[in-house]
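Below: one structure, written as C-alpha cells.
The values are calculated or read from the model by the stated rules, or taken from the named source; none is laboratory data. Computed from a prediction, not measured in an experiment: that's the story for all the values here. Backbone-built Cβ (ideal geometry, glycine too); neighbour counts: all protein chains shown.
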Amino acid sequence: MLKLGDLIIDAKGSLGAKYWLTEISPTYQYNDNKRTDTIIGYRYTVCLPEKGLEKIAVKIDGKQQLEQSTNGYVEVNFQNLEVSIYWLNQQPQIAAKASGISLANQKT
C-alpha cells in the first residue's frame, strides 16, 4: 500500500517559483535518538512570496553551499527540490529536500 511519505508533491505548483533565503542552520547526525556534534547538512529557510511569505526549510546534505546574507534576503534556486508529507505527533508535517542551492541570478 502506498504510504503518505511516498508521495512527492509538485514543488513549483505548491510553493511557487520564487524562494527568498532568510536563514541557514546546520543539521546534525543522531545516534540512538541523541544529537551528536557531527554536521551532516544544512537547512535553508526560505520565504515564499507567492504564498503570502510563508516559510519552509529545505534540507541539503553535505557542505554549506551558500553564506548567509547580511543584507536581508537573497533570491535562490534549488536543484532537484522535493516536497513530501509525513506524520509527527499525529499531525501532518511538510518536509523539503534538495541536492543543491544557488543564487537566482547565477547559472548553476
- Task: Please state which of the following conditions residue 66 fails to meet, knowing it meets all the rest: (1) of a type in the set (A, V, I, L, M); (2) part of a loop (DSSP other than H, G, I, E, B); (3) exposed (fewer than 15 other Cβ atoms within 10 Å of the Cβ).
- Result: (3)
- Query: Can you name every residue in region 69-93 that is in contact (Cβ under 8 Å) with a residue 40 or more places away in the chain and assigned to a strand (DSSP E or B)?
  - Reply: 74, 75, 76, 77, 78, 82, 83, 84, 85, 86, 87, 92
- Query: Of (1) within 30 Å of residue 2 (Cα to Cα); (2) modelled with pLDDT of 95 or more; (3) β-branched (Val, Ile, Thr), residue 94 satisfies all except one. Which?
  - Reply: (2)
- From the set of residues in region 97-108 that are at pLDDT 95 or above and part of a loop (DSSP other than H, G, I, E, B), which is farthest from the chain's Cα centre (by Cα)? 99
- Would you be able to tell me the number of residues in region 58-82 that are touching an Asp or Glu at 6+ places or on another chain (Cβ under 8 Å) and either among the acidic types (Asp, Glu) or closer than 14 Å to residue 19 by Cβ (or both)? 0
- Query: Within region 1-50, how many residues are of a type in the set (Asp, Glu), at pLDDT below 90 and within 19 Å of residue 101 (Cα to Cα)?
  - Reply: 1
- Restrict the check to region 44-56 and report whether at least one residue is closer than 22 Å to residue 3 by Cβ and part of a strand (DSSP E or B). yes
- Query: In region 11-39, which residue that is outside any strand (DSSP E or B) and exposed (fewer than 10 other Cβ atoms within 10 Å of the Cβ) is nearest to the chain's Cα centre (by Cα)?
  - Reply: 13
- Item | Those residues of region 13-51 which are touching a residue at least 24 places away in the same chain (Cβ under 8 Å) and out of contact with any strand residue (DSSP E or B) (no Cβ under 9 Å at 6 or more places or on another chain), in sequence order | 17, 50, 51
